[in-house]
Amino acid sequence: MSKANDLQTGVSELIEEGFPGQYGISAAMDPNAGMTPGELAIAANLPNRQITYTTAPELQAIGHRVIPAPYGDRMLHASILLRPGETALTNEEAERLSNLLGLNRMENPNFVPKKRK
């Protein structure tokens, strides 16, 4: 989910995505802005039970950009960028981002519960 500490541990350098030296947090994005969050979750094959979401303008309002960063078969992969020169989220930044993402939470229509043995 989008807990502040999970966001902090989710930061990585975007080498595989083709942006070495830039750091961000994995996300999904419809670059054409035509899908609902549920449709995007299905198209991006997101496995989580719940998803949180926001918009690019809302991210920009708190100082973050989101960019398409597809790689491999993950064509809807995106990255929420840290500010230039940053390699980690401060506690304050992580909390601000978590609060923004927490405003919009829904059950993931793509979620498949694991079968119990």
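Taken together, the values in this text are just the output of simple stated rules run on the coordinates, not laboratory data. Keep in mind that what you see is a predicted model, and the values were worked out from it rather than measured. So basically every Cβ, Gly included, is an ideal-geometry build from the backbone, and we count neighbours across all protein chains shown.
Remark: pairs (first residue in the stretch 1-27, surrounded by 13 or more Cβ atoms within 10 Å (Cβ to Cβ); second residue among the aromatic types (Phe, Trp, Tyr); Cβ separation under 6 Å; 6+ apart in sequence or on different chains) = 11/23; 13/23; 16/71; 17/71.
Evaluate the stretch 60-69: report whether one residue or more is within 11 Å of the chain's Cα centre (by Cα), farther than 25 Å from residue 18 by Cα and either assigned to a helix (DSSP H, G or I) or of a type outside the set (D, E, K, R) (or both). The answer is no, given that none of the residues of the stretch 60-69 is within 11 Å of the chain's Cα centre (by Cα), farther than 25 Å from residue 18 by Cα and either assigned to a helix (DSSP H, G or I) or of a type outside the set (D, E, K, R) (or both). Within the stretch 70-94, the set of residues being in a strand (DSSP E or B) and among the β-branched types (Val, Ile, Thr) comprises 80 only. Selection over the stretch 49-59 of residues that are closer than 17 Å to residue 98 by Cβ and either in contact with a helix residue (DSSP H, G or I) (Cβ under 6 Å, 6 or more places away or on another chain) or in a helix (DSSP H, G or I) (or both) gives a count of 6. Evaluation of residue 87 against the conditions (1) among the β-branched types (Val, Ile, Thr); (2) free of Cβ contacts under 8 Å to residues at least 12 places away in the same chain; (3) closer than 19 Å to residue 12 by Cα shows that the sole unmet condition is (2). Condition first: of a type in the set (S, T, N, Q) and surrounded by 13 or more Cβ atoms within 10 Å (Cβ to Cβ). Now tell me which residues in the stretch 59-117 satisfy that. Result: 79, 98, 104, 108, 110. Scanning the stretch 28-77 for residues that are in contact (Cβ under 8 Å) with a residue 40 or more places away in the chain and of a type in the set (S, T, N, Q) turns up 45, 48, 50, 52, 54. The single residue among 97, 46, 40, 7 that is under 19 Å from residue 111 (Cα atoms), out of contact with any Lys or Arg (no Cβ under 6 Å at 6 or more places or on another chain) and in a helix (DSSP H, G or I) turns out to be 40. The combined condition, being of a type outside the set (A, V, I, L, M, F, W, C) and buried (at least 19 other Cβ atoms within 10 Å of the Cβ), is not fulfilled by residue 39. Applying the condition of being closer than 15 Å to residue 28 by Cβ and not hydrophobic (A, V, I, L, M, F, W, C) to the stretch 70-95 and asking which residue is nearest to the chain's Cα centre (by Cα) yields 79.
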